[in-house]
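Sharing a structure with you now.
Since every read-out is calculated from the coordinates, none of them should be taken as a lab result. Values in this document were obtained by computation on a predicted structure and should not be read as measured data. FYI the Cβ positions are ideal-geometry reconstructions off the backbone, even for glycines, and counts take in every protein chain you see.
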Amino acid sequence: MGPVTTIEGRAIPLGMANVDTDVIIPAHWLKTITRDGLGQGAFESLRAVPGNVFDKPEYAAAPILIAGDNFGCGSSREHAAWALLDRGITAVIAPSFSDIFAGNAFKNGILAVALPQADIDRLLEVAQTDPISIDLDAQSVTTPFQDRFAFAIDPFRKQCLLEGLDEIGLTLASDAAISTHETMREQALPWLATPRREIA
Amino acid sequence: MASKPRTLYEKIWDDHVVEQRSDGTCLLYIDRHLVHEVTSPQAFEALRLTGRTVRRPELTLAVPDHNLPTTARVDAAGRRLPIADPQSAAQLAALERNAPEFGITYIDAASVNQGIVHVVGPEQGFSLPGATIVCGDSHTAAHGGLGALAFGIGTSEVEHVLATQTLQLRPAKTMEIRVEGQLGPGVTPKDLILHIIGVIGTAGGTGHVIEYRGPGFETMSVEGRLTVCNMSIEAGARAGLIAPDDIVFDYLKGRPYAPRGEDWERALAWWRSLRTDDGAVFDKSVVIEAGVIEPTVSWGTSPDDVVPVGGCVPSPESFADPAKQAAAVKSLAYMGLSPGDKIEDIRVENVFIGSCTNSRIEDLRAAAEVLRGRHKDPGVKWAIVVPGSGLVKQQAEAEGLDRIFTEAGLEWREPGCSACLAMNPDKVPPGERCASTSNRNFTGRQGPGARTHLVSPAMAAAAAVTGRLVDVRKLTPCKPVPA
C-alpha cells in the first residue's frame, strides 16, 4: 500500500451509530476470492432506500465518511475495508471504532479518525455543503471555516501509514527473535509448539 | 523477586511476547490458526504474489464452513455432490487448492471431522488452554471458553500469521465480568451472555479482553463456556476467556490434537497455573446477578436490544441516548414491531438451531428435550437443526436426537454456519421472523429483510412448538442448569 498523507474532499454525512460490517458489506458479497469490486455491494441495505445519502451526486466521489459511535462493529471481514476503498473512501471519521475494523482499516491504508461527538456534529454540518481535510502528519481535521480538530493515532500505525510500510516485511526483519521464541516454546511446551497431526 | 499480581489475560499475553517496541507495540506469537474458505483466499493469493511461504504450516488447520450447503454432500455411492452456487464452489475450490499447496492440514467438506471452525478447534483438541488462537472470524472469541486467548482477525492478519506466525498488537485493557449466584432453572449460558450484552452494550467491551468470573462458571460445561465467550465480540470485546479447570481438562483429554502421556501431565501442571492472581487489578469491572436473569430474547437489530421473554418491546423514548433512540426507531420499523408489544405475542415463521454459538451436543440435547413428543406449530414454515460438526451430528444420531427433531417436523441438516449469516442457501425470507440460536440480529443478517430474534436452543425449540416466542419454562419441567 502506498503512503497516506492528506485526504481532502467531500465527506458523506452518514452520522449513524453502530454501523456493523454486515451493513458495510452484506455476507452474500463475501463469496469472492479477490479484493476488488466490493464497492457495488457497499451499504447495500442503506442504498436501497430512495434518496439515501450515498447516492447523492455531490458525494459520488467523496473520499471521507462521517459516522456515529462504534463504527465497524460485528464481523471481522476485511471485505468491509475493501468495499470502502473500492468506493473511493479512504478515511472514516467517527467517535469510536470496533477494534477489528480499526485494524483492518489501517492495514488497507484507510484512516480511522476518532473525534468526540461534538466535533463529529460540527463536521456533519460542514459536510452538507463543503469539503473537509485530514492531515495525518499534523493529526488534524480542518474545514474551510477555520475549524481544526486534533486527533490521536498510534505512533507505529502513523509511521506505517506515512511511509507506506509493508507490515509483514517489518515483522520478517525480526525473524531471529521469532526463531529464538520458537526454540524456547519447543523446550518449555513441546505439545503446544509442535502439535500432533492425526486428523483429516 | 515477587512479581506483580497478573490477570489470566496478562499471563497468556506475557508468555507470547516475542518482542516489544518502545512505542508499546508487541510482536505476539500465535500458537494456533484456524482458516476457512471466506476470509483466506486473498491471504494465500498475497503470499503467492510476494513469494512468501507459510512459516509453521502445522500450526494452521483449514476447514470449510461458511458457504457449504447443509443438504447432502455425497450421493448414495459416496460421490461428492457439486455445489450449485458457482461463487461458493470457487471459494471452496480455492481453499482445497491453497491448503495443500502451502502444506496445511485440510479437513474435507465430506469428512466426519468437518464443521464450524469454532466447533472443530475445541473438539479436535487443536484449541488448548493458555494458547493464542486466531482465525479470520470474529467469533474466534469462543475458544476463550477453554482458557485460551482467542480472537478474530482480518485477512491481512491471516496473511501475516501465515507468513510469520505472529501478529503486531498492543495489549488490550482488562475487564472483569463477575457473575454472582447461579442461573435459575431453564435459564442457559446463552441467556446469560445476551443479558450481559444488554447490560454493557455492543461497545461496552471495546478495547478490552473480558474475563468471565464467578461461582456460576465453576460448574458450567465447556459447551456453555464456549457459548458465553463466543459472544464477547457482540459486547465489543475482541476476546473473552474463562480460567481453565478440571471440567476443561476432562473435556480435552484424549482428543486428537491434545497432548498425551507425559506431555499431558506437564500440560496439566501449566494449565493449573492459568488463573488470575489474587490482588490483580482489572481496568474495568462489572457485576451481574445471575439469579434475576430470565430466558432472554432480542427484539431489535443490535445484539444489545434484549429483553426478558416475559417483557415487552421497549419504546424508543425509554433510552437516554439520542443515538440509541434513533436506532430503536429504525430497528422497530425493520422488525415490524411496536413499543409495548408483548414478546410472547410475537409469532415466528422460521426456527434456526445452529451456529458457532449454539450447535454443540449440549445445545442439541436442550432443544431435543423440549421437542420430544411434540410437533412444530403449523405456522412455522421452516425449521432446521444444523449440528456444529460431523462429530456432533454423529453423537446426536447415536443418542436418537435426530429422530426427535424430524418427528417434530424439523429438518436435520449437515454441519456448517448456515442461516447464521446466510452465505449458503439457508436463508430467512424477507419480512419473516426467525427464532435463531445464532449470535447476530443485524439488518439482513439471515437474508435480505429477515427479522431475527436471538434466543437459546431450548427457547428456539419452544418457538417451533408454539409458533411464537414463549417462555420455555411454561412448556417443560425444568432441571436446574448450572450458571
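Would you mind telling me the antiparallel percentage of the DSSP bridges in chain B, rounded to 5?
Taking every DSSP beta bridge with both residues in chain B, the antiparallel ones total about 25 percent.
Give, in nm to one decimal, the length gained when the segment between A:Asp121 and A:Ala152 is fully stretched (0.36 nm per residue of separation minus the Cα-Cα distance).
Working: separation 31, 0.36 × 31 = 11.16 nm, distance 1.83 nm.
Gain on stretching A:Asp121 to A:Ala152: 9.3 nm.
Oh, and also: What FRET efficiency would be calculated for the residue pair B:Asp341, B:Ala110, taking the C-beta separation as r and a Förster radius of 51 Å, to the nearest 0.05?
Working from the Cβ atoms, E equals 0.70.
Over chain B, what is the mean sequence separation of C-alpha contacts under 8 Å (at least six apart), divided by residue count, expressed as relative contact order in percent?
18 percent
Now, a different point. Of the DSSP beta bridges with both residues in segment B:1-126, give the percent that are antiparallel, rounding to the nearest 5.
Details: 4 of 9 bridges.
Percent antiparallel among DSSP bridges in segment B:1-126 is about 45.
While we're here: Ignoring everything except DSSP H segments at least 4 long, calculate the 222 nm mean residue ellipticity for chain A; use -39,500 (n - 2.57) per segment, divide by total residues, nearest 500. Before the final figure, lay out each step's value.
Values: 9 runs with 69 residues, N = 200.
Result for chain A, helices only: -9000 deg cm²/dmol.
May I pose another question? Taking the Cα of B:Ala90, stepping 7 Å toward and past its beta carbon, and measuring to each backbone N in segment A:30-48: which are under 14 Å?
Correct set: A:30-38.
Compute a Gaussian network model of chain A, connecting alpha carbons closer than 10 Å, and tell me which residue from A:Asn108, A:Asn52, A:Asn70 fluctuates the most.
A:Asn52
Give me the one-decimal nm value for the distance between modelled label points at B:Glu58 and B:Val287, 7 Å along each residue's Cα-to-Cβ direction.
With each label placed 7 Å out from Cα toward Cβ, I get 4.9 nm.
Compute the separation of the alpha-carbon centres of segment B:217-286 and segment A:62-87 and state it in Å as a whole number.
33 Å
Here's a follow-up. How high is the relative contact order of segment B:296-474? Use alpha-carbon pairs under 8 Å, at least six apart in sequence, and give a whole percent.
29 percent
Which of rounded, prolate or oblate describes segment B:296-474 when judged by the alpha-carbon gyration tensor and an a/c cut-off of 1.5? Spell out each step's value before the answer.
Details: a/c = 2.13, a/b = 1.72, b/c = 1.24.
Taking the square roots of the gyration eigenvalues as a ≥ b ≥ c, segment B:296-474 is prolate.
Sticking with this structure for a sec: Using 7 Å Cα-to-Cβ label points, what is the B:Val199/B:Ala333 separation (nm, one decimal)?
Going from the B:Val199 label point to the B:Ala333 one covers 3.4 nm.
Same structure, new question: As an exercise, use a Förster radius of 30 Å and the Cβ-Cβ distance of B:Glu218 and B:Thr406 to find the FRET efficiency, rounded to the nearest 0.05.
About 0.25, to the nearest 0.05.
Take the Cα of A:Thr180, step 7 Å along the line toward its Cβ, and report every residue of segment B:41-76 whose backbone nitrogen sits under 12 Å from that point.
none
A follow-up question, please. In whole Å, what three semi-axes, largest first, describe the equivalent ellipsoid of chain A built from its Cα gyration tensor (square root of 5 times each eigenvalue)?
36, 22, 14
Holding the Cα-Cα limit at 24 Å, pick out from B:Lys342/B:Lys427; A:Lys31/B:Lys173; B:Lys342/B:Lys381 the pairs that are longer than that. Walk me through the numbers on the way to the answer.
Numbers: B:Lys342/B:Lys427 26 Å; A:Lys31/B:Lys173 34 Å; B:Lys342/B:Lys381 22 Å.
Beyond 24 Å: B:Lys342/B:Lys427; A:Lys31/B:Lys173.
I've got another one for you. When chain A is treated as a GNM, springs tying every alpha-carbon pair under 10 Å, which of A:Ala48, A:Ala105, A:Ala188 comes out with the largest mean-square fluctuation?
The residue that fluctuates most here is A:Ala188.
Same structure again: Contour minus end-to-end for A:Gln40 and A:Ala173, with contour as 0.36 nm per residue of separation and end-to-end as the Cα-Cα distance? Each step should come with its number before you reach the end.
Numbers: separation 133, 0.36 × 133 = 47.88 nm, distance 3.80 nm.
In short, 44.1 nm is gained.
Using DSSP, restrict attention to beta bridges with both residues in segment A:6-165 and report what percent are antiparallel, rounded to the nearest 5.
Here the share of antiparallel DSSP bridges comes out near 45 percent.
For the pair A:Thr6/B:Ser3, report the inter-label distance in nm, with labels modelled 7 Å from Cα in the Cβ direction.
A separation of 4.9 nm, rounded to one decimal place.
OK, next. From the Cα gyration tensor of segment B:366-427, with a ≥ b ≥ c the square roots of its eigenvalues, which class applies: rounded if a/c is under 1.5, or else prolate if a/b is larger than b/c, or else oblate?
On the way: a/c = 2.53, a/b = 1.11, b/c = 2.28.
Oblate, because a/c is 1.5 or more while a/b does not exceed b/c.
Could I ask something else about it? At what distance in angstrom do the alpha carbon centres of segment A:6-55 and segment A:127-148 lie from each other?
Using only Cα atoms to place each centre, the spacing works out to 23 Å.
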